[in-house]
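Working notes, structure below.
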Amino acid sequence: MSIRIPHNSFLLIVAFLPLWTMAQPGQFISSARSVSSTSRDKAALPGDASGVGAESAQATRVMPLFGERAKSGEQIEFEINFLNDCDQNFSNRGEASQFFAARGWDYLGESQLDTAAYRFNLAWLLNEKNVDAYWGLGVVCYQQNKLDQAIRMLGKGLAIADTNAVLMTDLATVELMQFQQKKDPAHLTDAETHLAKALSILPDNATAHIKMALLQYTKADYGRAWEHIHKARQIDFSSIDLTLLNELIAKQPDPKGVFK
């Protein structure tokens, strides 16, 4: 996998093969944005840099959606102060939410997972409809090898942006890995459903074709795997994963004779 930037910056495609390796930083298709100044980041974070509060409160800050638990008095006070500061520093909370999501992608790109998670949580606090907040938290969980949580966060994002083909591909990628770990056919079915829909929306998504090739290889449907390899080849030759390619050739020679 690779780290992707959802909307505009860069898209690094790094296959996660050898087949079914553990999640590693930088192996997802994810997103990040560059913002020239981070001054408002610190200005709107009461006590963030100094570690104010109990250790448990600090732990809660980096849990997806603040742990989705009842709020303590300290957390309520923090949120009030934070939102008030954002109201003073941004034109509206939607803008503030996008700003902190962008900071989250930046920190994620630097492999600062806890800091990234906190910024995505703040983006969610400002706007529960911000897809990047869920997407970013899903990538953080993925890189921590918390696949159940990653699937849940990415699914929450997809519920808001149900035509986002790139997000669907990310979700399917995690579902494929979860299938390998748990051997639950439901994960394989879900991955195939998401990849099929992603390709129906964005047929020229080379990454989705590679993931579908891997899925078909897993199902021992080598003919269909080759079909998707060749579609990916026609779109972006660099997207092809050589390990998957060699594994597939060992099972069935290329029907088109392109790869030998």
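How long are the three semi-axes of the equivalent ellipsoid of segment 58-160, in whole Å, if each is the root of 5 times an eigenvalue of the C-alpha gyration tensor, listed from largest down?
Equivalent ellipsoid of segment 58-160: 21, 15, 13 Å, largest first.
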Residue-wise HN-Hα coupling along segment 140-153, computed from phi with Karplus coefficients 6.51, -1.76, 1.60 (Hz; x: Gly, Pro)
4, 4, 4, 5, 8, 6, 9, 5, 4, 5, 4, 4, 5, 5
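Return the FRET efficiency for the residue pair Gln180, Gln88: r is the Cβ-Cβ distance, R0 is 41 Å, and the value is rounded to the nearest 0.05.
Values: r = 48 Å, r/R0 = 1.18.
About 0.25, to the nearest 0.05.
Which of the chymotrypsin sites (Phe, Trp or Tyr not before Pro) found in segment 57-103 are in a DSSP loop and have at most 10 neighbouring Cβ atoms, other than their own, within 10 Å?
Numbers: sites: Phe66, Phe78, Phe82, Phe90, Phe99, Phe100; in loops: Phe90.
Those that pass, being in a loop and sparsely packed, number zero.
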Percent accessible area from carbon and sulfur atoms, segment 97-182, protein chains only, probe 1.4 Å:
44 percent
Find, among the GluC sites (Glu not before Pro) in segment 84-146, those assigned to loop by DSSP (not H, G, I, E, B) with at most 12 other beta-carbon atoms within 10 angstrom.
Glu110
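Which value, in nm² and rounded to one decimal, describes the direction-averaged projected area of the C-alpha convex hull of segment 148-255?
On the way: hull surface 25.8 nm².
Taking the Cα atoms of segment 148-255, their convex hull projects to 6.4 nm² on average.
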Cα-Cα over 20 Å, subset of Lys146/Lys183; Lys129/Lys211; Lys197/Lys231
Lys129/Lys211
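The values are calculated or read from the model by the stated rules, or taken from the named source; none is laboratory data. This one's a predicted model, so the numbers in the text were calculated from it and none came from an experiment. All Cβ positions, even for glycine, are placed from backbone atoms using ideal geometry, and neighbour counts span all protein chains on display. Keep in mind that these areas ignore ligands, DNA and RNA; they rest on the heavy atoms of the full protein, side chains included. Shrake-Rupley method; radii C 1.70, N 1.55, O 1.52, S 1.80 Å.
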